[in-house]
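Written out below as structure tokens is the structure these notes cover.
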Amino acid sequence: MSQPYASSEDHQPVTWLHGHAIYAAHLVVLVFVASMVGTTIVMALDADQAWFWLPFSSDAVLRGEVWRIFTYGLWNPPGIWFAIDMVMIVWFGRELEKFFGRRSFLLLFGCLYLLSPALFTLIGVWKPMTLSGETGAFALFIAFATLYPHATLFFGVLAKWLAAILVGIYTLMALSRRDTVGLISLFTTVGFAFAYVRYHQGRLALPGPGLLRSTPVHRPSRNGESRIRQRLAPGDDSAMADMDALLDKIATSGIESLTPREKARLDAARERIVKRRSRSG
């Protein structure tokens, strides 16, 4: 029996593997895991110097080695923090991809990946900067916590509080080590992820050249999905009531508590929003 609600292809898995949905977030992790395996082999063969051209160096980029802005994330020695980053991309990146769509998720991750080296290149005019290894995973969690602030995570802690705690801990760690690179990367990626979600929720606008300005909108729902509630047609009372019930369920039990049918209804609401935006634009 076909589902009564259809969802756009952009919000669907890239493919299926033995009955498991494979999203773009999984493919991103696959690339990084492959780079970790390659890094491990190179290190085991004591051939590190042969791959010196991968990490980012502001001095090298300013000399014309622009590719380092794109290749710095491919040098990933194995470690527990690398594994945690991969889990973050799979868990939180997948949920962001389901909500925003594949293209929007890849745009977000691509911007997070390129943001730090681009900024470090500018700073490198005055002070040399270096960077290597995957970045952006923690910022994806911040984006998730911004979108679903009342989602219950580890030990019953709400996503918004866990995000605030972790940002505080990482800030203190960077300050104690005098890690300027880490501190700048943390604040820029976290700030961008937060602004990206707020922009798509309609709570931030781009009125002029490169500036973000708050725009007056209805009071946001407590689970961060105010854009669905705000953009439904005013006369669509039944749809509004249906969405309220689904959003309250997400706020209480998390998005994984939704059934496939309920997720399809959310997808349908998202499609209606996109169509209305395209007609109004």
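Every read-out reported here was derived from the displayed coordinates using simple, explicitly stated rules and does not represent laboratory data. As the structure is a prediction and not an experimental result, all values here were calculated from the model. Cβ atoms come from the backbone with ideal geometry, glycine included; neighbour counts cover every protein chain shown.
Which whole number in µm²/s is D for segment 1-82 by Stokes-Einstein, with the Kirkwood Rh taken over Cα pairs at 10 °C and 1.306 mPa s? The partial results should precede the final answer.
Details: Rh = 15.8 Å.
Translational D for this selection: 101 µm²/s.
For segment 19-24, just list the computed ³J(HN,Hα) in residue order, Karplus coefficients 6.51, -1.76 and 1.60, θ = phi - 60°, integers in Hz, with x standing in for Gly and Pro.
Each residue's phi maps through the Karplus curve to give x, 9, 6, 10, 9, 4 Hz.
Please give the peptides 91-104, 121-134 ranked by average Cβ packing (other Cβ atoms within 10 Å per residue), highest first, as a rough proxy for protection. Could you put the intermediate results ahead of the total?
Working: 91-104: 21.4, 121-134: 16.0.
Per-residue mean Cβ counts within 10 Å order the peptides as 91-104, 121-134.
Relative to the compact globular guide of 2.2 N^0.38 Å, what is the alpha carbon radius of gyration of segment 9-216, as a ratio? The partial results should precede the final answer.
Details: Rg = 17.9 Å, N = 208, 2.2 N^0.38 = 16.7 Å.
For segment 9-216, the normalised Cα radius of gyration comes out at 1.07.
In whole Hz, with x marking every Gly and Pro, tabulate ³J(HN,Hα) for segment 27-32 from phi via Karplus 6.51 cos²θ - 1.76 cosθ + 1.60, θ = phi - 60°.
Ordered by residue, 3J(HN,Hα) equals 5, 4, 4, 4, 4, 5 Hz.
Amide H to amide H under 5 Å from residue 151: which residues, 5+ apart in sequence or cross-chain, H placed 1.01 Å off N in plane?
159, 160
With θ set to phi - 60° and the Karplus curve 6.51 cos²θ - 1.76 cosθ + 1.60, what are the ³J(HN,Hα) couplings of segment 137-152 in order, to the nearest whole Hz, using x for Gly and Pro?
Working through the residues one at a time gives 5, 5, 5, 5, 5, 4, 4, 4, 5, 6, 6, 10, x, 9, 5, 8 Hz.
Using modelled backbone amide H atoms (1.01 Å from N, in-plane), which distant-in-sequence or interchain residues come within less than 5 Å of residue 133's amide H?
Under 5 Å from the amide H of residue 133: 73, 74, 75.
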